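The values are calculated or read from the model by the stated rules, or taken from the named source; none is laboratory data. In this text the structure is predicted, and so the values were computed from the model without any measurement. Because the Cβ atoms are built from the backbone with ideal geometry, glycine has one as well, and the counts that use them run over all protein chains shown. To get the accessible areas, we keep the full protein, side chains included, count just its heavy atoms, and leave off ligands, DNA and RNA. Shrake-Rupley method; radii C 1.70, N 1.55, O 1.52, S 1.80 Å.
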There are 2 protein chains.
Amino acid sequence: MSFSPLINELITALKCLPGVGAKSAQRMAFALLERNRDGAMTLSKVLHDAMEHVSHCEHCRTFTEARLCKICENPMRSETGQLCIVESPQDVLAVEQTSEYKGKYFVLMGHLSPIDGIGPAEIGLTELVQLLDRESIQEVILATNPTVEGEATAHYIGQICREKQIKATRIAHGVPVGGELEYIDGNTISHAFAGRRPV
Amino acid sequence: MSFSPLINELITALKCLPGVGAKSAQRMAFALLERNRDGAMTLSKVLHDAMEHVSHCEHCRTFTEARLCKICENPMRSETGQLCIVESPQDVLAVEQTSEYKGKYFVLMGHLSPIDGIGPAEIGLTELVQLLDRESIQEVILATNPTVEGEATAHYIGQICREKQIKATRIAHGVPVGGELEYIDGNTISHAFAGRRPV
């Protein structure tokens, strides 16, 4: 025995959300039915609108429902001549939170991963090359994640920049601020020592 | 800075789900946008349909999109003359999983909780009294949760049954099967001793 067909359908549909299994989906379905039908109706509408209208920014490839995202639209952002390469839209938000970087972004929407069939074309490097040819970029800041794939992606883009004689820099790896040395892994400490600077 | 307006709206709407905070909502929004737009479209449609069509069974008050739920529709279920009172539709599923109970259900959709303004009318006791008058019920099985509110609710319904001279029973409280005595709380063990039976 199970619930009525429509409730079962709802529970199955909720399982498409990441981190939501059978039990959580059931709890969510009943919570919405019992206490928050208005919220569920809003969610239904916004989900539909977002999936239909959100696409990629024509310049930087981040998610937006407009032709250009807010950052690419802002002419002040081109003045520094800097271009920060990140893996995801969430990474743009993380960098923006510092309020220190004033340049533009290019969002790869992933990283090189040949084993999953993700090559240079899939992460928009064709568009990146066009962008580097078209705009006057003085510095490319490689802010991909410090993982094996992120490093490989940074290395690959670094080579493209070298061919075009554009300065490419990689963000520093080291001990995070507020971290305690004894809990930091050896690899990070090696990076921190290799990247030491005179005080 | 934040994401584009529609993406922000989606993140806010996802927070209506129980157990989903700002960070999970953001993760869900991007996972759907990046990898599962079809799933999200289905979810949007099913959410809308469920909120619009799912209502309460006219007999037992459980959630269903039909006039009567599958159990109330089944004439075999009236034969035993038993009526099991539970707090929620999920409790019906839990009892059904045993495949031992063959009677009907009445779902309170909550429990008595005067402090939250939930009195007898809110948990459908008016309908329950009508049902007890209308149908030939031989036994009411009180399967509300063993919490303070659940016990109070069971006690209240027990009194109604006594007035109508219908036999009312309460499910046994004791040590769960597979449990280990040393990890069981004292209250449960007291119940287990009080409810001991000759072997």
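A helix-only calculation puts chain B at -13500 deg cm²/dmol for mean residue ellipticity at 222 nm, using -39500 (n - 2.57) for each DSSP H run of at least four residues, averaged over all residues. Take the accessible area of chain A alone and of chain B alone, subtract that of the pair, and you get about 5000 Å² summed over both chains, using a 1.4 Å probe. Give the cross-link partners of B:K45 among the lysines, using a straight C-alpha distance below 20 Å as the criterion and excluding same-chain residues fewer than 8 apart. Cα-Cα hits under 20 Å: A:K15, A:K45, B:K15. Here A:K104 is the anchor, and the lysines within straight C-alpha reach of less than 16 Å, apart from those fewer than 8 places off in the same chain, are A:K70, A:K167. Taking the alpha carbon gyration tensor of chain A, multiplying each eigenvalue by 5 and rooting it gives semi-axes of 39, 24, 17 Å, largest first.
Each label point was placed 7 Å from the Cα along the Cα-to-Cβ direction; for A:T126 and A:D49 their separation is 3.3 nm.
In whole percents, the pair-distance distribution calculated for region B:1-71 from its alpha-carbon pairs, binned every 5 Å from zero, is 3, 15, 17, 20, 14, 10, 9, 8, 3, 1, 0. Per-residue extension of 0.36 nm, minus the Cα-Cα distance of A:E182 and A:S136, leaves a gain of 12.1 nm for this segment.
Quick check for you: with a 1.4 Å probe and neighbouring chains kept, what is the accessible area per residue of region B:5-52, in Å²? Working shown, then result.
Numbers: 2120 Å² over 48 residues.
Ligands and nucleic acids excluded, the figure is 44 Å² per residue.
Computed over protein heavy atoms with a 1.4 angstrom probe, the accessible surface ordering of A:I171, B:I71, largest first, is A:I171, B:I71.
Partner shielding of B:90-96 amounts to 2, given as the average count of beta-carbon atoms from other chains within 10 Å of each residue beta-carbon.
Within 10 Å of the Cβ of each residue in B:29-39, the mean number of Cβ atoms contributed by other protein chains is 5.
Please determine, in degrees from 0 to 90 and to the nearest 10, the orientation of helix A:22-35 with respect to the longest principal axis defined by the Cα atoms of chain A, where the helix direction is its Cα long axis. The angle comes out at about 60 degrees. A Gaussian network model of chain A, with springs between Cα atoms under 10 Å, assigns the largest mean-square fluctuation among A:E58, A:E180, A:E135 to A:E180.
Average projection, convex hull of the Cα set of the protein assembly as shown: 28.9 square nanometres.
The contact residues of region B:50-84, meaning those that lose at least 40 Å² of 1.4 Å-probe accessible area when all protein chains sit together rather than their chain alone, are B:M51, B:V54, B:F63, B:E65, B:K70.
The heavy atoms of B:E65 offer some 60 square angstrom of accessible surface to a 1.4 angstrom probe. In terms of overall dimensions, the C-alpha atoms belonging to region B:27-137 reach 56, 38, 25 Å along their principal axes, ordered largest to smallest.
Based on protein heavy atoms only, region B:78-170 ends up with 51 Å² per residue of surface accessible to a 1.4 Å probe. Listed by chain and number, the aspartates and glutamates whose alpha-carbon sits under 16 Å from that of A:K164, ignoring those within fewer than 8 places in the same chain, are A:E127, A:D133, A:E135, A:E139.
Ordering A:105-113, B:152-160, A:92-100 by mean Cβ neighbour count within 10 Å, with the highest value first, yields A:105-113, B:152-160, A:92-100.
Taking the accessible area of region B:1-123, probe 1.4 Å, and keeping the other protein chains in place, the carbon and sulfur fraction comes to 52%.
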